[in-house]
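Every read-out reported here was derived from the displayed coordinates using simple, explicitly stated rules and does not represent laboratory data. Since we're looking at a predicted model, the values are computed, not measured. Here Cβ is always computed from backbone atoms with ideal geometry, including for glycine, and neighbour counts include all displayed protein chains.
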Ligand SMILES: Nc1ncnc2c1ncn2[C@@H]1O[C@H](COP(=O)(O)OP(=O)(O)OP(=O)(O)O)[C@@H](O)[C@H]1O
Ligand SMILES: [Mg+2]
């Protein structure tokens with residue numbers, strides 16, 4: 001059949017009422033779709049799904065929360081913390097797959113959450129719950145029902161120690177959307193990302209904070225991160241892109257003499273290889289070598305930055321830490337207010353292997369976000385726009401950002 005003859009009605013999406021979640025999903029839950037929500041223990045998967053179901057129930061749709069992990073009583077205790085509407089969601093504490101499928105068939109919810117896919121077990125298979133065979137069977141049988149009855153199903157999944165979704169990879173192929181809920185447990189911020197989405201972009205990320213009343217969307221993240229930026233040696237503000245949304249985050253570095261033969265390179269919220277690359281470029285083209293020193297680089301707040309624009313921020317943070325001097329705040333005002341004080345130094349840009357500073361996407365949005373939070377003169381690659389303080393090489397960027405006294409070619413302090 002020619003595709004033009006295939007009947008296609010516009011997708012009606014069910015809003016979860018949690019703005020950040022809806023955005024990451026691509027506008028809401030699609031009826032008949034399967035969403036896999038992964039995340040490390042205690043990160044807030046159950047809280048997020050409980051809240052979403054509560055909102056959907058409050059909007060007048062039938063919901064069902066299947067708990068294989070917690071008793072109905074435990075689920076109620078959590079719901080009490082969240083909202084009155086979360087208490088309206090029917091709960092089924094069950095681990096037998098047939099029992100769950102029966103309940104879905106008789107109750108006919110619009111949205112069903114299975115918490116978690118690893119705890120359900122089909123009596124027809126001998127494997128233990130969570131085994132490859134079981135997880136595959138559970139997901140496939142649930143998908144049949146979901147597609148046949150146009151039920152949106154959220155499968156909560158466990159995450160292994162190294163951060164991958166537990167269970168067979170086939171699960172990721174089977175479902176329509178894979179969401180990852182990440183963050184460090186001792187930090188307040190949690191990030192929701194789409195790793196795969198058949199109905200939307202995978203570039204979006206949502207930011208949450210765990211509070212007494214549940215997960216709260218962080219809408220003013222940039223303002224917070226800028227206000228918290230230390231302006232101390234080793235600190236710089238990165239104008240990053242989280243999907244289609246700009247976000248200002250602080251990148252911090254610490255450079256200290258190492259006692260190890262192979263000095264340590266430790267990152268958090270960044271790709272480790274990226275740090276290695278930037279350190280090599282910084283040594284070769286910036287004249288700032290950190291061999292023999294341990295280097296730690298951290299994106300503050302438990303946020304993860306996965307885009308090339310982070311390179312310049314890493315380089316400046318490390319350079320500033322290595323020299324032990326704060327970067328020139330608000331570079332536009334260079335000469336008037338040198339050193340720290342005032343607004344922190346902000347930047348973005350990718351570094352090439354020959355030491356050039358390369359253009360990255362959406363400079364205008366990054367600059368606008370920086371301007372909105374009082375940061376002018378953002379250090380950026382050539383071609384970024386009139387409001388930026390443009391540099392075409394790492395060396396030029398260092399000249400602009402480091403106070404003159406710190407630029408003499410010496411080894412790291
Ligand atoms: N009263 C409270 N105030 C603030 N935060 C709380 C409160 N009670 C629980 N929490 C937070 O909620 C988290 C648990 O959330 P939740 O049960 O949704 O996580 P989960 O990802 O489903 O965990 P699991 O992997 O065990 O299923 C706890 O780690 C804790 O940080
Ligand atoms: Mg849970």
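Given axes a ≥ b ≥ c from the Cα gyration tensor, I'd like to know whether the stretch 86-149 is rounded (a/c under 1.5), prolate (a/b larger than b/c) or oblate.
prolate
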Cα-based helix-to-principal-axis angle, 272-285 vs the chain, degrees rounded to 10: 10 degrees
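Need one number: % antiparallel among DSSP beta bridges in the chain, to the nearest 5.
The answer is about 50 percent antiparallel.
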Using DSSP, restrict attention to beta bridges with both residues in the stretch 226-328 and report what percent are antiparallel, rounded to the nearest 5. 80 percent
In Å, what Rg and Dmax follow from the Cα atoms of the chain? 24.5, 76
In whole Å, what is the distance between the alpha-carbon centres of the stretch 139-160 and the stretch 286-332? 43 Å
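Classify the stretch 79-235 as rounded, prolate or oblate from the Cα gyration tensor: take a ≥ b ≥ c as the square roots of its eigenvalues, call it rounded if a/c is under 1.5, otherwise prolate when a/b beats b/c and oblate if not.
prolate
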Which whole-number percentage describes the relative contact order of the stretch 345-403, with Cα contacts under 8 Å and a sequence gap of 6 or more? 35 percent
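May I ask you to derive the relative contact order of the chain, considering only C-alpha pairs under 8 Å and at least 6 residues apart, and to give it as an integer percent?
Computed value for the chain: 13 percent relative contact order.
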Subtracting the Cα-Cα distance from 0.36 nm times the residue separation, let me have the gained length for residue 105 to residue 87 in nm, one decimal. 4.3 nm
For the residue 258, residue 5 Cβ pair and Förster radius 56 Å, calculated FRET efficiency rounded to 0.05 is 0.25
Need the C-alpha centroid separation for the stretch 180-251 versus the stretch 255-270, integer Å. 25 Å
Within 10 Å, count the other beta carbons around each residue, average over each peptide in 316-329, 68-81, 116-129, and list them highest first. 316-329, 116-129, 68-81
Against the longest principal axis of the chain, how steep is helix 311-323, in degrees 0 to 90 to the nearest 10, with axes from Cα atoms? 50 degrees
Run the helix sum for the chain: -39,500 (n - 2.57) per DSSP H stretch of 4+ residues, divided by residue count, reported at 222 nm to the nearest 500 deg cm²/dmol. -8500 deg cm²/dmol
If packing is taken as the mean number of other Cβ atoms within 10 Å per residue, what is the order of 289-295, 32-38, 372-378, 259-265, highest first? 32-38, 372-378, 289-295, 259-265
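Does the stretch 1-140 come out rounded, prolate or oblate by the C-alpha gyration tensor, with a ≥ b ≥ c the root eigenvalues, rounded set by a/c under 1.5 and, if not, prolate when a/b is larger than b/c and oblate if not?
In terms of gyration-tensor shape, oblate.
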Tilt relative to the chain, helix 97-107 - C-alpha long axis, 0 to 90 degrees, to 10: 80 degrees
Among 271-281, 20-30, 137-147, how do they line up from the highest to the lowest mean number of other beta-carbon atoms within 10 Å? 20-30, 137-147, 271-281
